[in-house]
Amino acid sequence: MDKNELWDAVLGELEVTLSKASFTTWFKGTFIASATEEEAMVAVPNAFAKEWLEKKFAGDIAAALKKHLPRLSVLSFKVATKEAVAAPALPLPIPALQSVSVPAAAPVAAPDRTGGLASEQAAPRRVDLADTLNPRYTFDAFVVGNSNRLAHAAAVAVAQNPGTVHNPLFLYGGVGLGKTHLAHAIGHEIRQRHPQKSVLYVDCEQFTSEFIQALRSNTMDKFKKKYRDVDIFLVDDIQFLSAKEGTQEEFFHTFNALHRRGRQIVLTSDRVPKAIPQLEERLSSRFGWGLVADIQPPNLEMRVAILRNKAAEKGFTVPDEVVAFLAEHARSNIRELEGILNRLVGWCELNSVPPSLEVARGMVSGFLGKRDLRHVSPTQVLTIVGSFYNIPVEDLISARRTAELVLPRQIAMFLLRRELGLSFPKIGQEMGGKDHTTIMHGVGRVERELAKSDQMQEELSTLREKLFAG
Ligand code: ADP
Ligand code: MG
């Protein structure tokens, strides 16, 4: 297996686990620059993709590589293109493919702390595969809003007084909403406040595979020592215990051993304990002993706050209007929100253009798999708004100030601005010859309404869906 085949195998594996959008965005043009049994260097086409792969996918990449390079301990990334390193393809100095018998322990990779695109040089940055806490997932970097306030407060309390307040702390919520982030933040905070305490973070899959491995290799003593001796035990995605009887049994004993001695346990899951199918009752009841706190999807205001925060964290300046546009479109979760921001900024950096509404619009259609709104005409927007509110288009663009016409009219203005990117004077023209200040006023009003009214947010998303659906 040469480098190319190895990389193809890795890509093949990642492709099934990642969304199509992230896969094509981040893995295009990547290849293995060099690999030995212990070290692998992945080449990526630009600094932006490099940062993103290091931060987000190093763990996945390492796990996939380890199936072929079981002794891999260092994974690094560098910016390079195929042409630049078109050296003769060296055969890999590794024994042939080791089938899949090696457990793919997939530690979450931790990039170094220097961060930032400015520091990107040709020198590859090493990813420490041993540290399982992502340095970016701290309380400082966590935006708090109504949707996660309780979970955040509980996590902070636990980090301040481990083993005493909520034990276990059970955090649950949908994908990409910050469960892993909070679990890591607890780990960081405890390491800082209580350096003498040992912190162990694993995801449930890793616990399971280590357990199975320990059984097979007769090393249960070692396994027990590792897990039953920690002060802080953070287990991510505990729903994956479902239907794994043997692992549940072991987890039960681990839980008891720790809990009895007042060691802190933190669990995350995509649902409440009782809703995890095929989970023993004695476990689901224990999971509810402490505090069960949920994380809900963020509302618009919070999505805006998160985007601002992420942009600032990376030192990017993104205009408010663009932030608002992204927040209005990427609604499902924070991971998606972050993904689209990164893509936007990455694209702008590559092309040396400032992030603008225009670029954001192109990006949203590509990223979220929606229709490219640059091909939608103003008339289509007016027709959709008119039919949604049951108002003839002539009335919508007329000068009549009847109460039931005003808001729909302003919504049309807003959509023409946000979705089609028309200038205020141009919108004035499209809407029956109105003054540009009238348009600015209308757009502003909808913006304010949106910030405070859930119903308005709902109506606009429905309208947008109609627009995108064509
Ligand atoms: P989950 O484990 O719930 O699927 P993650 O913890 O992996 O979600 O979060 C997905 C991404 O969103 C991460 O990059 C994380 O940093 C970010 N994120 C989630 N919640 C917040 C928040 N409240 N503030 C800032 N970033 C967040
Ligand atoms: Mg997670």
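Of the helices (runs of 4 or more DSSP H) that lie entirely inside segment 375-470, those containing 2 or more residues that are more than 19 Å from His329 (Cα to Cα) span 378-389, 393-397, 403-418, 424-430, 436-452.
Within segment 218-248, the set of residues being surrounded by 14 or more Cβ atoms within 10 Å (Cβ to Cβ) and of a type in the set (Asp, Glu) comprises Asp229, Asp231, Asp236, Asp237.
Residues are listed down the side, and each one gets a yes or a no for (1) at pLDDT 95 or above; (2) in a strand (DSSP E or B); (3) touching a Leu at 6+ places or on another chain (Cβ under 6 Å); (4) among the small types (Gly, Ala, Ser):
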site: Glu249; (1), (2), (3), (4): yes, no, no, no
site: Gly262; (1), (2), (3), (4): yes, no, no, yes
site: Pro277; (1), (2), (3), (4): no, no, no, no
site: Leu283; (1), (2), (3), (4): yes, no, no, no
site: Pro297; (1), (2), (3), (4): no, no, no, no
site: Lys310; (1), (2), (3), (4): no, no, yes, no
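Test Arg136 against the stated conditions and say whether it is at pLDDT below 90 and within 16 Å of ligand 2 (Cβ to nearest atom). Spelling it out, Arg136 is indeed at pLDDT below 90 and within 16 Å of ligand 2 (Cβ to nearest atom).
Using the structure shown, decide if Arg331 is basic (Lys, Arg), under 28 Å from Glu459 (Cα atoms) and in contact (Cβ under 8 Å) with a residue 60 or more places away in the chain. Considered against the rule, which asks whether it is basic (Lys, Arg), under 28 Å from Glu459 (Cα atoms) and in contact (Cβ under 8 Å) with a residue 60 or more places away in the chain, Arg331 comes out as yes. Across segment 425-463, which residue is surrounded by the most Cβ atoms within 10 Å (Cβ to Cβ) among those that are under 17 Å from Thr383 (Cα atoms) and of a type in the set (A, V, I, L, M, F, W, C)? Filtering first and then ranking leaves Ile427.
Selection of first residues in segment 144-159 that are more than 21 Å from Leu307 (Cα to Cα) and of second residues that are within 16 Å of ligand 2 (Cβ to nearest atom) and part of a helix (DSSP H, G or I), restricted to Cβ pairs under 7 Å at least 6 apart or on distinct chains, gives the following pairs, ordered by first then second residue: Ala155/Leu182; Ala155/Ala185; Ala155/Ile186; Val158/Ile186; Ala159/Ile186.
Which members of segment 253-290 meet the condition of being among the polar types (S, T, N, Q) and more than 17 Å from Gly173 (Cα to Cα)?
Start the filter on segment 253-290 by keeping residues that are among the polar types (S, T, N, Q), which leaves 254, 256, 264, 268-269, 278, 284-285.
Once the filter is applied, which keeps residues that are among the polar types (S, T, N, Q) and more than 17 Å from Gly173 (Cα to Cα), segment 253-290 yields Thr254, Asn256, Gln264, Gln278, Ser285.
Would you mention how many residues in segment 173-205 are near ligand 1 (Cβ under 7 Å from one of its atoms), surrounded by fewer than 20 Cβ atoms within 10 Å (Cβ to Cβ) and among the aliphatic types (A, V, I, L, M)? Total meeting the criteria: 1. Which of (1) within 16 Å of ligand 2 (Cβ to nearest atom); (2) out of contact with any strand residue (DSSP E or B) (no Cβ under 6 Å at 6 or more places or on another chain) does Ser269 not meet, given it meets every other one? Of (1) within 16 Å of ligand 2 (Cβ to nearest atom); (2) out of contact with any strand residue (DSSP E or B) (no Cβ under 6 Å at 6 or more places or on another chain), only one is false for Ser269: (2).
The values are calculated or read from the model by the stated rules, or taken from the named source; none is laboratory data. Everything numeric here is computed off the predicted structure, so don't read it as measured data. Neighbour counts are summed over all protein chains in view; Cβ atoms, including those assigned to glycine, are modelled from backbone coordinates with ideal geometry.
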